[in-house]
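The values are calculated or read from the model by the stated rules, or taken from the named source; none is laboratory data. What you see is a predicted model; the values in this text were computed from it and never measured. Cβ placement follows ideal geometry from the backbone for every residue including glycine, while neighbour counts extend to all protein chains displayed. In case anyone asks, the SASA skips ligands and DNA or RNA and just uses the protein heavy atoms, side chains included. Shrake-Rupley method; radii C 1.70, N 1.55, O 1.52, S 1.80 Å.
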Amino acid sequence: MTTASETPHLDFIREIVAADVSAGKNGGMVVTRFPPEPNGYLHIGHAKSICLNFGIAQEHAPSSRCHLRFDDTNPTKEETEYVDSIIEDVKWLGFDWDDHLFYASDYFEKLYNFAEQLINKGLAFVCDLNADQMRAHRGTLTEPGRNSPFRERSVSENLDLFHDPVIYRILHADHHRTGSAWCIYPMYDYAHPLSDAIEGITHSICTLEFEDHRPLYDWLVDHIDGLPSRPIQREFSRLNLNWTIMSKRKLLRLVKENHVSGWDDPRMPTLSGLRRRGYTPESIRAFCKGIGVTKFNAQTDMGVLENAVREDLNKTVERRMAVLRPLKLVIENYPEDYTEEIEVINNPEDPAAGTRKLPLGREVFVERDDFAEVPPKDWRRFTLGAEVRLTNAFCVICTDVIKDSAGNVIELRCTYDETTRHGKNPEGRAKVKAAVHWVSARHAVSASVRMYDRLFTVDNPEAAAGDDGDFTSFINPKSLEVIENAKLETSLAGADPGQRFQFVRIGYFIADAKDSLPGKPVFNRVVTMKDGYAKQGK
RNA sequence: AGCCGCGUGGUGUAAUGGUAGCACAAGAGAUUCUGAAUCUCUUUGUCUAGGUUCGAAUCCUGGCGCGGCUGCCA
């Protein structure tokens with residue numbers, strides 16, 4: 001049942017598409033395209049565009065489709081490695097182009113013929129001006145610009161607007177697909193609208209910076225004969241996420257200068273980085289849906305992305321216990337050399353996830369941060385004489401604190417209350433305020449855990465660097481902290497690469513797909529838990 | 001001081017001439033074997049000055065602010 005309040009809101013692009021469909025334009029068909037240039041890896045900003053273009057096509061199925069087209073008109077920048085990564089990333093995000101995979105370079109011959117058509121019509125000409133001369137003729141902010149002396153005639157009403165935009169340039173460079181077949185290559189402004197038209201695109205959706213190019217887009221699709229469709233271009237604002245950067249050129253620099261381990265470094269905003277970090281395609285799609293589509297130059301908070309993955313993982317992922325910074329806790333009234341197995345729920349949000357057995361012995365590890373010798377106000381965790389519940393087990397009272405000669409706390413002693421097993425709290429007994437996670441010392445497996453944090457120390461690195469500053473000076477030196485000897489519950493040793501968990505009370509983690517070995521997983525922190533306590537402290 | 005586009009709580013995003021709503025963030029409480037999740041409540045907004053109108057976030061004009069454009073990049 002759909003009520004009025006559940007009617008999904010249409011963004012302005014979808015409104016235009018819907019209006020065109022109901023007006024019967026293009027025979028009711030909707031054909032969009034996602035047109036990356038294969039000169040870098042896809043990032044979260046591209047995800048916005050992918051979700052928009054493929055999403056619109058899905059919403060108008062079956063009389064619709066979305067093409068994946070590589071905009072490979074500049075052989076000096078483009079590589080097959082990027083093509084492969086882009087294909088992988090779009091698939092991973094959950095979209096399918098069926099057999100509509102295209103390359104602008106497939107159209108070089110057609111585009112060349114179109115250019116001849118323009119020349120024959122007197123709408124285009126070959127210009128011998130060099131770059132500087134051409135710049136001079138183009139005009140300035142205050143002057144209108146002059147015709148090239150090589151343009152022997154004036155034809156179109158649009159020429160005043162465009163000052164003879166370049167549509168081809170000479171480039172003696174090998175192309176990743178066409179090799180040395182061409183020494184002239186079409187410019188984006190020429191190739192894009194015509195590629196759209198060749199493919200029968202109906203709605204060519206791009207970002208705001210192309211808005212100024214729209215008259216040229218229209219001019220071209222109106223002046224070439226024999227085009228199968230008359231696409232329209234509409235523009236929306238690209239994604240800006242704070243605490244990171246979205247410029248492909250700058251991301252490339254991070255990789256080339258080894259500020260990160262590669263395009264798929266889990267701190268990168270690339271789709272391959274987010275994937276390795278542990279983000280799910282579902283969470284990224286939900287994020288893209290949530291941020292909307294407008295022409296407003298927005299700055300989206302990283303917290304919105306983080307919230308999206310928490311929301312997804314909270315519902316879908318099994319819980320495990322892991323102690324990152326271990327402190328030994330000895331349960332003095334617990335029998336020595338005894339192990340019991342506790343049956344625990346895998347995911348309280350999903351009964352279908354079932355249960356597992358958790359071993360428990362006399363000595364356990366607890367989180368160092370969960371003990372305070374001098375507790376702050378409202379402290380609910382370990383401190384001398386206070387009672388705390390060991391999650392899934394029983395309540396204990398800390399009876400003794402053991403220190404080394406330097407005064408560091410090296411061990412805690414406690415006694416447990418048998419009547420509080422399995423979450424029981426006998427009648428009349430004061431309720432324990434907190435439950436903390438733990439791992440049985442004898443059964444714990446050691447692992448290294450990578451704690452990722454924001455890549456930059458400022459919320460807008462590019463703005464902070466300014467025009468002549470260097471954004472790399474704002475790289476967060478603490479964006480990666482590796483914990484080598486975290487203590488994990490036994491079952492985690494068998495985690496599959498790519499498997500995600502919630503480490504209770506700590507955050508969401510994924511067994512790294514590259515560095516995990518059989519029986520020896522390495523974990524990446526996807527995102528922390530929300531921490532209401534830490535917030536209080538601020 | 002050209003052209004194009006955009007201005008709604010802290011951040012985003014709705015309201016398409018008729019009750020300014022939603023999400024995230026923030027705050028208070030309830031609940032809790034995760035200081036999570038969940039639930040309830042709360043704070044905060046139409047850039048500005050005029051105009052049109054019974055009525056303006058919405059339409060018009062000026063101002064201010066922000067972004068884009070001045071590659072033989074895309």
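A few points about this structure:
- Residues of the range A:351-386 that turn out to be open to solvent by 50 Å² or more (accessible area, probe 1.4 Å) and more than 10 Å from RNA strand B (Cβ to nearest atom), as a count: 10
- Residue within the range A:291-312 that is of a type in the set (A, V, I, L, M), more than 10 Å from RNA strand B (Cβ to nearest atom) and surrounded by 18 or more Cβ atoms within 10 Å (Cβ to Cβ) present: yes
- The range A:170-200: number of residues that are surrounded by 16 or more Cβ atoms within 10 Å (Cβ to Cβ) and in contact with a His (Cβ under 8 Å, 6 or more places away or on another chain): 4
- Note on the range A:470-496: residues that are out of contact with any helix residue (DSSP H, G or I) (no Cβ under 9 Å at 6 or more places or on another chain) and outside any helix (DSSP H, G or I) amount to 17.
- Looking across the range A:395-409, the residues that are over 30 Å from A:Lys424 (Cα atoms) and open to solvent by 60 Å² or more (accessible area, probe 1.4 Å) come down to A:Lys403, A:Ser405, A:Ala406, A:Asn408.
Conditions (1) within 12 Å of RNA strand B (Cβ to nearest atom); (2) over 21 Å from A:Met302 (Cβ atoms); (3) among the aliphatic types (A, V, I, L, M); (4) open to solvent by 60 Å² or more (accessible area, probe 1.4 Å), marked per residue:
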position: A:Phe474; (1), (2), (3), (4): no, no, no, no
position: A:Lys478; (1), (2), (3), (4): no, no, no, yes
position: A:Leu492; (1), (2), (3), (4): no, yes, yes, no
position: A:Arg505; (1), (2), (3), (4): yes, yes, no, yes
position: A:Ala511; (1), (2), (3), (4): no, yes, yes, no
position: A:Asp515; (1), (2), (3), (4): no, yes, no, yes
position: A:Val526; (1), (2), (3), (4): no, no, yes, no
position: A:Gly532; (1), (2), (3), (4): yes, no, no, no
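- Where A:Glu306 falls short, out of the listed (1) under 30 Å from A:Lys403 (Cβ atoms); (2) out of contact with any Gly (no Cβ under 6 Å at 6 or more places or on another chain): (1)
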